[in-house]
Every structure is written in structure tokens, then in C-alpha cells.
């Protein structure tokens, strides 16, 4: 699809859906707290809506949903030209949810962070490392802490053609169940010795397999009973129920050659639609902005929901610290830096932690908990300004700086800074 065709398609979508969008937002207006009551300029906050509008009108995305809270109160929500309850493939935003599921078991005493993964999943015994074109035994056993922090050596094969080729041949994503996934992954070499580097990859999926093994349930069943039901997250799952398929957003990818979007997946969706055949703890969940906001609000409240504690405040503070060695974070700079970790970024237990906003070079706060998904979903929880932000779209290979654009638009609207 060319740029002119894409512009027409966007305008048509806007024309069809704009009234629906306004009706949804109107229904939620009574839930909004006046921004001025929370130290936010209502006039300047409108720049967030303008960012979303510009992205849609210029054909950068087909639609976007945003939600912002401060001190636990909703101050902004926008769906352009989508509905507020549109379902999104959140991909790597699944990772934080899986981490919380595993940490529930940790608090119950099922494992220690320095336990070898092979103690729970024996397939990961005697792992090999791919180095200088050859295999050698790993010098260090992979631990649970390595899985939480992506220091396990398990990777997606970024910047390593041979490893990427082996991963593709193993068809990990096509595994029909989690046991098959674990067996296939354990036969692949690590990109480095556990604990001696940071590589973005399948660590969270293995963490999900640990949850399933310990609990005796599928990851989805455990999440539903221990997280989604207590949090009333009724629109988060690994498989979309048939009656909700009409709410699933179409997925697009940016075609650099055509300078526009092309459809990857759209209506009609198959019944029992899934991102992967198994419950993938690193990329498999489908959710809404509103549901994910409930999850982040639980973290903001220190693990509490309706007077009950899913996790302890002490653990969440521990989870939110940067667990990476300074040798990793300080070396991640320059044009060849790891863009998944990000300049100024660290990593906690299953969640990103920005440790240096100056080095990052974007208006933000130290200690922001954040991550995003491969198809254009982003979130962050700012414990300094007590702000939560969610932005949802569906665009692979996006060339746009949505996370940074939203960051500037939101922080410039604060009239009271708590820093």
C-alpha cells in the first residue's frame, strides 16, 4: 500500500469510527479527575491527545489508545479512532506479568533467586555457550535471578546470524506446548555465560514454564486465578474468546520501502485466536489499556488490591531496583548500544528500570519502571511523579519515537513536580 492509499485508508477509518470513539470516551468522562487537582495543566495535557491525533492523521499508526493516571486517579484517556476496550497483542509487556506470577511463588517459598533453573526444569542442565564459532560448556549454571534479569544467555539471536539461524530452525514460537518449547530451547546454545552479559530473549518464557511446573497449572490458568481475577482483568488472556474477537485490533507493519503501513493480521480472526500455540510468558498475552492499567496500579500500590496483598510492598521495591552490574549498564552507550535495554536503562526483576534520565536524553524520571511490546505498545510507572502511562497501537518495525513523544507531552503538563 502506497503513502497516498494509506492516507485515504486512515481518513476512511477516522470517518467510520470517530463517532464510536467519542461515545466511548464520553462514557468514561465521569471517571476522569480534573487534572488541576493533581498538579497537571489541563490545557498542556491536551498535547498528549495531539500526539495521538498526529500519529493517526499522518498515517504512522491506524489507531491508538492512551491512558494516564496520577496518584491512582485517571486524568486522561483517548481512543483514536479505536475504542477504549480494543484488544491488543501486547507481546513483551507480557514479561512483567509473568515476573509477578513467578514472584508470587517466590514469596510462597517455592524457590530462591540463586537456585539453578535446572533444579526445576532439568532440561537446562549442562548448557552450552556459542563463542567464536564453536560450542563450549557454560562456566556458570543458569539461575532464577538470571531469568528475571535477562542475564541467562538465552536470546532472540539479535546481532548473531548463526544463533538467529539456529533459533529459526528450532521453530520455538511454533511449539505446540510449553514442554516442547523448553525441550527445543534447551538444545540451543547460550549467547554468553549466565550472569556475564545482558541479552534480550526467551528468559521470560522459561520463567513462565517455571510457574507452570511449580503450580501444576498452565501459565494462563495460574495468571487467571492469582492475578487477573483478583485484579478484575477480564480482558487479558492468551487466547481470545470467540465473543471478543471483534474487539481485536488489526496488526500492521511499517514497510520502509513503501514508506507506509501494510496489514499483517486483520479480520476475520480465527476462533481461539492466539499469538503462540502455548502460553508464552515472554510475548503471548492479549490485553486492553484499561486492564494493563489495573496491573500497573497494583504495582503502584505496593501489591495491594481490595485490601489483599498479591505481593508485599518490600518485594515490589526490590523488584523495582536495577539488578544489573554497572559493567553492563555503563557500557551500554554509543551508536552500537543495545536498543532493547536502552541508553540509561537498567533492569529489575522482570521489568525495565530507567536509572539515568540525563544519559537517556529524554524528559523523564529516575526509577521509571517501563517496557513495551514489539507491535507498538508502551507503558511506564513513574514512582517519583506518581504517574502511570499506557500507549497502545499495533505496528511492527515502527520507526517512530512514540515512547519519547508521549514522555515529553506528559511531563511538560505537570505543574507540580515531586522530584
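The values are calculated or read from the model by the stated rules, or taken from the named source; none is laboratory data. Just so we're clear, the structure is a prediction, and the values are computed from it rather than from any experiment. Glycine also receives a Cβ, built like all others from the backbone with ideal geometry; neighbour counts cover every protein chain displayed.
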**Request:** Evaluate the following for residue 335: is it assigned to a loop (DSSP other than H, G, I, E, B), farther than 20 Å from residue 92 by Cα and out of contact with any helix residue (DSSP H, G or I) (no Cβ under 8 Å at 6 or more places or on another chain)?
**Result:** yes
**Request:** Could you please let me know if residue 312 is at pLDDT 95 or above, over 17 Å from residue 84 (Cβ atoms), surrounded by fewer than 16 Cβ atoms within 10 Å (Cβ to Cβ) and assigned by TED's automatic domain parsing to the domain that holds residue 59?
**Result:** yes
**Prompt:** Taking interchain pairs and intrachain pairs at least six residues apart, which have beta carbon atoms under 8 angstrom, with the first residue in segment 290-301 and outside any helix (DSSP H, G or I) and the second surrounded by fewer than 20 Cβ atoms within 10 Å (Cβ to Cβ)?
**Reply:** 301/72
**Request:** For residue 169, state whether it is more than 23 Å from the chain's Cα centre (by Cα) and in contact (Cβ under 8 Å) with a residue 60 or more places away in the chain.
**Result:** no
**Complete:** Checked segment 242-261 for anything loosely packed, with under 14 Cβ neighbours inside 10 Å and on the phi < 0 side of the Ramachandran plot; matches are 242, 243, 246, 256, 257, 258
**Asked** When residues of segment 238-262 are filtered for being farther than 28 Å from residue 102 by Cα and either without any contact (Cβ under 8 Å) to a residue 40 or more places away in the chain or part of a loop (DSSP other than H, G, I, E, B) (or both), how many remain?
**Response** 10
**Set 189, 230: member being outside the structural domain of residue 156 (by TED's automatic domain parsing), in contact with a strand residue (DSSP E or B) (Cβ under 6 Å, 6 or more places away or on another chain) and in contact (Cβ under 8 Å) with a residue 24 or more places away in the chain** = 230
**Message:** Checking the structure you have, find out if any residue of segment 192-215 is part of a loop (DSSP other than H, G, I, E, B), over 20 Å from the mean Cα position of the chain (by Cα) and within 21 Å of residue 283 (Cα to Cα).
**Reply:** no
**Prompt:** Is it fair to say residue 328 is at pLDDT 95 or above and in a helix (DSSP H, G or I)?
**Reply:** no
**Out of 346, 281, 350, sole residue that is outside any loop (DSSP other than H, G, I, E, B) and crowded, with 22+ Cβ neighbours inside 10 Å** = 346
**Prompt:** Where in segment 31-147 are there strands (runs of 3 or more DSSP E), lying fully within it, with 3 or more residues that are in the same structural domain as residue 318 (by TED's automatic domain parsing), surrounded by 15 or more Cβ atoms within 10 Å (Cβ to Cβ) and in contact (Cβ under 8 Å) with a residue 40 or more places away in the chain?
**Reply:** 64-70, 73-80
**Asked** Taking segment 169-191 on its own, how many of its residues are closer than 21 Å to residue 142 by Cα and assigned to a loop (DSSP other than H, G, I, E, B)?
**Response** 5
**Message:** in contact with a helix residue (DSSP H, G or I) (Cβ under 8 Å, 6 or more places away or on another chain) and closer than 19 Å to residue 277 by Cβ: is that true of residue 218 in this structure?
**Reply:** yes
**Request:** Give the residues of segment 284-308 that are over 20 Å from residue 386 (Cα atoms) and surrounded by fewer than 22 Cβ atoms within 10 Å (Cβ to Cβ), sorted by residue number.
**Result:** 307, 308
**Request:** Hey, can you tell me all the residues within segment 148-166 that are in a helix (DSSP H, G or I), closer than 23 Å to residue 324 by Cβ and more than 23 Å from the chain's Cα centre (by Cα)?
**Result:** 163
**Message:** touching a residue at least 40 places away in the same chain (Cβ under 8 Å) and within 19 Å of residue 106 (Cβ to Cβ): is that true of residue 310 in this structure?
**Reply:** yes
